[in-house]
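Before any comments, here is the structure.
Since every read-out is calculated from the coordinates, none of them should be taken as a lab result. Quick caveat, the model's predicted, so the values are computed rather than measured. Ideal geometry is used to build each Cβ from the backbone, glycine not excepted, and the neighbour counts take in all protein chains shown.
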Amino acid sequence: MGKLEIRNLNQSFTRDDGSRLVVLDNLNFEVKNKEFVCILGSSGCGKTTLLRLIAGLDCAREGSIILDGEEIKGQNPKVGMVFQEYSLFPWRNVIDNIAFGLEMKGLGKEERYKIAERYLDLVNLSQFRESYPSELSGGMRQRVAVARALALDPVLLLMDEPFGALDAQTRNMLQKELLDIWVQTRKTVVFITHSVDEAVYLSDKIIVLTPRPGRICRVFDVDLPRPRDRTSVEFAQVRRTVLDVISQNCSIQ
Amino acid sequence: MKLSSDETGRRWLGVLALVLAILVWEVIAAGIIRNSFILPSPVDVLTAFQELIGTGRLIPDFGDSLLHFGIGLAAALVVGIPIGIAMGWSRRFDAFLDPLIELLRPIPPLAWIPFAIIWFGLTAYSAGFVIFAGAVFPIIINTYSGFRGVPRIFVEAGKMLGCTKSSSLIRHIAFPAALPSVTTGIRVACGVGWMCLVAAELFGVSNNGLGMSLWLYYNLHRMDCVVVYMLLLGLTGLAFDMTFRYYIERRFLKWRTGEVA
């Protein structure tokens, strides 16, 4: 299972001068089990804040975040996360990075390596088993980060602009790989991005947020068959619709 | 590792400087001053070194000095690392201990000698205490700054992977992340501790010791032997530093290679 419900979610804080800054304004949405959802918005619209709340890394909020009928309070082993920046532990080699969560769960060396190797294989990095993160390219690091998050077999995978720092080709390649992995592992994915192209390529559903305060502007269902062709007319049409909505409704006031 | 011809050339420059310094020293000592009490020449020193080997006291000298140094450094590690970790991890503990540490830190280690004698008597522990007083602060400060500088993203990534207790976060995330800084602290501490050694042995805590013997031969007006001990102290200090640079850092911190190179 992996059904996520966001109900009346608000987050705000008081500025130094006493005024209120609303970051997230009454968000309501649902992510179905095994669905791939992209949250799309420009910087400053609170999308990272939203993800951190779902991850349980921040707790200051009103409203509820419910995963499979259970309220999320603090970090939860059912939720995995891939960060925007490089978050691999530089003192551990690739296999020990992937096995980290399993080690924390108390699994023995042999058992955790067996599982970790499966995920290493899944991201096609078997020949880099013993390498240290500093020896890997940006794209490889993020693939290891995906494997590391998946190794604990979470039901929900959160991804915070994981490919944002990569060049366009690597980015397209990783998007394709991510979809393959998603098909194989069937997780619910909440993916944050500011790229319309990325959102249309990846998701079943796109949630567009308005900036300042973060509100849901529009929800699109993308029912193009996969694998999607970025150059096709249908793809371009969806892109145009999303871009139009953003430029009409979601610009900063 | 293969050295480029450029690097080999620079190495030879260093050797050249050493040879030149010894030559100049020989000329001044044997040609101009001609008084082995004021400035023993390299030849005098070499002869004295052979003589000292003959007396058989060099080995016990090393033994005692390493004992004093070992006691001081071990105590500094046992006390300094936990304090550094606690101060780096908890803002409260930092606020609590910082004024005390900042007050004690500027006291020169040698100023502790009177209390060292009163508390520990004329024992190896007394010398060890003086070395401890010099070595503990670099360890505290570097451990502290290492822990303060642990990137938040590592801690959050650890939390997301089920490493949630403070003790596990320290052990599995913060300590390895801070290790480069901690080893720097230990390296500096070795240097400072070793420098305190001569003075720590000056007040007669043992019959042997490199510092002890240096004073002994000074009292005997054997300045050639004094130079031998000076050089031994210097070379041993250098050996510690080399061990750190080329063994410990390569072995435990090899993950950094990509970042430094």
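Enumerate the calculated ³J(HN,Hα) couplings along the range A:74-86 in order (Karplus 6.51 cos²θ - 1.76 cosθ + 1.60, θ = phi - 60°), each rounded to whole Hz, writing x wherever the residue is Gly or Pro.
Result, rounded to whole Hz: x, 5, 9, x, 7, 10, x, 9, 10, 8, 5, 7, 6.
Could you calculate, for the range A:79-153, the ratio of the Cα radius of gyration to the Kirkwood radius, expressed as Rg to Rh? Mind dumping the intermediate values first?
On the way: Rg = 11.0 Å, Rh = 11.9 Å.
Result for the range A:79-153 is an Rg/Rh of 0.92.
List, in order, the whole-Hz ³J(HN,Hα) value for each residue of the range B:189-202 obtained from phi through the Karplus relation with A = 6.51, B = -1.76, C = 1.60 and θ = phi - 60°; use x for Gly and Pro.
In residue order, the calculated couplings are 4, 4, x, 5, x, 5, 5, 7, 4, 4, 5, 5, 9, 4 Hz.
Based only on other Cβ atoms within 10 Å, what is the fewest-to-most ordering of B:His172, B:His221, A:His194?
Least crowded to most crowded, the residues run B:His221, A:His194, B:His172.
With +1 assigned to the C-beta of every Lys and Arg and -1 to the C-beta of every Asp and Glu, and no other charges, what is the dipole magnitude of chain A about the Cα centre in debye, to the nearest 20?
Working: 34 positive and 34 negative charges, 29 e Å.
Value, rounded to 20: 140 debye.
For a quick check of your reading of the filter: which GluC sites (Glu not before Pro) in the range A:124-181 sit in a DSSP loop and have no more than 16 other Cβ atoms within 10 Å?
Working: sites: A:Glu130, A:Glu135, A:Glu177; in loops: A:Glu130.
Answer in residue order: A:Glu130.
In whole Å, what are the Cα extents of the range B:48-260 along the three principal axes, biggest one first?
That gives 67, 40, 21 Å along the principal axes, largest extent first.
What ³J(HN,Hα) values, in whole Hz, does the Karplus curve 6.51 cos²θ - 1.76 cosθ + 1.60 give for the range B:26-40 when θ = phi - 60°, with x put for Gly and Pro?
Going residue by residue, I get 4, 4, 5, 5, 8, x, 9, 7, 6, 9, 5, 6, 7, 8, x Hz, with x marking Gly and Pro.
I need the trypsin sites (Lys or Arg not before Pro) found in the range A:22-87, filtered to DSSP loop residues with at most 14 other beta carbons within 10 Å of theirs.
Working: sites: A:Lys32, A:Lys34, A:Lys47, A:Arg52, A:Arg61, A:Lys73, A:Lys78; in loops: A:Lys32, A:Lys34, A:Arg61, A:Lys73, A:Lys78.
Sparse-neighbourhood loop trypsin sites (Lys or Arg not before Pro): A:Lys32, A:Lys73.
So which lysines can A:Lys32 reach, going by Cα to Cα under 21 Å and dropping same-chain residues fewer than 8 places off?
Partners found: A:Lys3, A:Lys47, A:Lys73, A:Lys78, A:Lys187, A:Lys205.
With +1 assigned to the C-beta of every Lys and Arg and -1 to the C-beta of every Asp and Glu, and no other charges, what is the dipole magnitude of the protein assembly as shown about the Cα centre in debye, to the nearest 20? Walk me through the numbers before you get to the answer.
Details: 54 positive and 50 negative charges, 155 e Å.
Taking the Cα centre of the protein assembly as shown as origin, the dipole is about 740 debye.
What residue among B:Gly54, B:Gly14, B:Gly31 has the largest mean-square fluctuation in a Gaussian network model of chain B, using Cα springs under 10 Å?
Highest fluctuation of the listed residues: B:Gly14.
In debye, nearest 20: dipole of the range A:79-153 around its Cα centre with unit charges on the Cβ of K, R (+) and D, E (-)?
Numbers: 10 positive and 10 negative charges, 13 e Å.
Around 60 debye, computed over the range A:79-153.
Between helix B:210-219 and chain B, what is the angle of the helix's C-alpha long axis to the longest principal axis, kept within 0 to 90° and rounded to the nearest 10?
30
Report the residue, chosen from A:Arg226, A:Arg92, A:Arg15, that carries the largest GNM mean-square fluctuation when chain A is represented by alpha-carbon nodes joined by springs under 10 Å.
Highest fluctuation of the listed residues: A:Arg15.
With a 10 Å Cβ neighbour count serving as the proxy for reagent exposure, in which order, fewest first, do A:Met173, B:Met195 appear? Each step should come with its number before you reach the end.
Numbers: A:Met173 14, B:Met195 17.
Going from sparsest to densest Cβ surroundings: A:Met173, B:Met195.
Fewest first, what order do B:Thr184, B:Thr143, B:Thr243 take by the number of other Cβ atoms within 10 Å?
Values: B:Thr184 18, B:Thr143 29, B:Thr243 13.
By the 10 Å Cβ count, ascending, the order reads B:Thr243, B:Thr184, B:Thr143.
Given labels modelled 7 Å from the Cα in the Cβ direction, how far is it in nm from A:Glu130 to B:Val79?
If labels sit at A:Glu130 and B:Val79, their model points lie 4.3 nm apart.
Give me the extension gain from A:Thr185 to A:Asp221: residue separation times 0.36 nm, minus the current Cα-Cα distance, reported in nm with one decimal.
Values: separation 36, 0.36 × 36 = 12.96 nm, distance 2.18 nm.
Gain on stretching A:Thr185 to A:Asp221: 10.8 nm.
Cut-off 16 Å, label point 7 angstrom out along Cα-to-Cβ of B:Thr164: give me the residues of the range A:76-98 whose amide nitrogen falls inside.
Label zone hits: A:76-81.
Where both residues lie in the protein assembly as shown, what percent of DSSP beta bridges are antiparallel, nearest 5?
Antiparallel bridges make up about 50 percent of those DSSP assigns within the protein assembly as shown.
Using a Förster distance of 25 Å, how high is the FRET efficiency between A:Ser19 and A:Asn249, based on the Cβ-Cβ distance and rounded to 0.05?
Working: r = 25 Å, r/R0 = 1.01.
Working from the Cβ atoms, E equals 0.50.
Between the helical axis of B:42-55 and the dominant principal axis of chain B, each derived from Cα atoms, what acute angle in degrees is found, rounded to the nearest 10?
Approximately 80 degrees, to the nearest 10.
Net charge around A:Leu24, counting only other residues with Cβ within less than 14 Å of its Cβ (Lys, Arg = +1; Asp, Glu = -1)? Can you show the working numbers first?
On the way: positive: A:Arg7, A:Arg20, A:Lys47, A:Arg52, A:Arg61, A:Arg212, A:Arg215; negative: A:Asp25, A:Asp58, A:Glu62.
Here the count lands on +4.
So for the protein assembly as shown, what percent of the C-alpha to C-alpha distances run longer than 31 Å? Walk me through the numbers on the way to the answer.
Values: 80278 of 131841 pairs.
Summing the P(r) tail past 31 Å for the protein assembly as shown gives 61 percent.
Hey, what angle do you get for helix B:124-148 against the long axis of chain B, alpha-carbon based, 0 to 90 degrees rounded to 10?
40
Of the candidates B:Trp194, B:Trp215, B:Trp25, which one comes out as most mobile in a Gaussian network treatment of chain B with C-alpha springs shorter than 10 Å?
Maximum fluctuation in the GNM of chain B, among the listed residues, is at B:Trp25.
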